[in-house]
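The structure appears right after this line, and notes come after that.
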Amino acid sequence: LNPHIGMVQYSDLSQLAVADLPGLLPGAHRNHGLGIAFLRHIERCAVLVFVLDMGQEEPWLQLEQLRYELEQYEPGLSLRPSAVIANKMDLEGSGESFLELRERVEADTDIIPVSGKMGINLANLLVRIKELNDSYVVEEK
């Protein structure tokens with residue numbers, strides 16, 4: 001129920017602050033659940049990483065709902081540099097869900113398949129987050 005803030009240390013000695021915000025409930029922009037409190041944290045984030053549960057029946061609906069809540073709270077917020085994390089790729093059937101997710105989201109959406117439990121593809125995820133952040137910082141200058 002609480003956001004977690006942490007630092008990712010990179011081999012080039014750079015570091016990046018990250019915030020893990022638990023899932024937003026439908027209606028978060030109307031302060032359902034812990035909505036507004038969590039959405040305020042998101043306002044300060046330069047890069048958004050949407051973590052989808054590939055064990056769910058239609059994980060692309062999670063992404064639609066998250067983007068909707070961000071837009072209702074602050075128009076344009078969901079347009080920040082972002083990546084989609086397809087988590088729980090170790091589960092049976094996740095491969096098929098991943099392929100369908102790819103078909104249902106915009107072609108330019110960066111989707112990174114991972115398994116947090118098994119540690120699969122986490123290094124790639126951290127590199128991609130750094131690349132997104134670095135590109136955002138350059139755009140802001």
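Taking each residue of the range 49-76 that is in a loop (DSSP other than H, G, I, E, B) and looking for partners that are hydroxyl-bearing (Ser, Thr, Tyr) with beta-carbon atoms closer than 6 Å, six or more apart or interchain, yields 54/94; 54/97. For the range 42-53, the criterion of being modelled with pLDDT of 90 or more, open to solvent by less than 80 Å² (accessible area, probe 1.4 Å), more than 11 Å from the chain's Cα centre (by Cα) and not acidic (Asp, Glu) is satisfied by no residue at all. Here residue 112 fulfils each of the conditions (1) in a helix (DSSP H, G or I); (2) under 23 Å from residue 46 (Cα atoms); (3) open to solvent by less than 40 Å² (accessible area, probe 1.4 Å) apart from (1). In the set (1) part of a helix (DSSP H, G or I); (2) farther than 22 Å from residue 18 by Cβ, the condition left unmet by residue 92 is number (1). One residue stands out in the range 85-133 among those that are among the acidic types (Asp, Glu) and touching a strand residue (DSSP E or B) at 6+ places or on another chain (Cβ under 6 Å): the one that is nearest to residue 58 (Cα to Cα), namely 90. Restricting attention to the range 77-102, the residues that are out of contact with any Cys (no Cβ under 8 Å at 6 or more places or on another chain) and either β-branched (Val, Ile, Thr) or at pLDDT below 90 (or both) total 8. I want to confirm something. Restricting to the range 119-141 and keeping residues that are open to solvent by 50 Å² or more (accessible area, probe 1.4 Å) and polar (S, T, N, Q), which single residue is modelled with the lowest pLDDT? Per the stated criteria, the residue is 124.
The values are calculated or read from the model by the stated rules, or taken from the named source; none is laboratory data. On a predicted model such as this, the values are computed, not experimentally measured, just so you know. Virtual Cβ from ideal backbone geometry, glycine too; neighbours counted across all protein chains shown. The accessibility values were calculated without ligands, DNA or RNA, using every heavy atom of the protein model including side chains. Shrake-Rupley method; radii C 1.70, N 1.55, O 1.52, S 1.80 Å.
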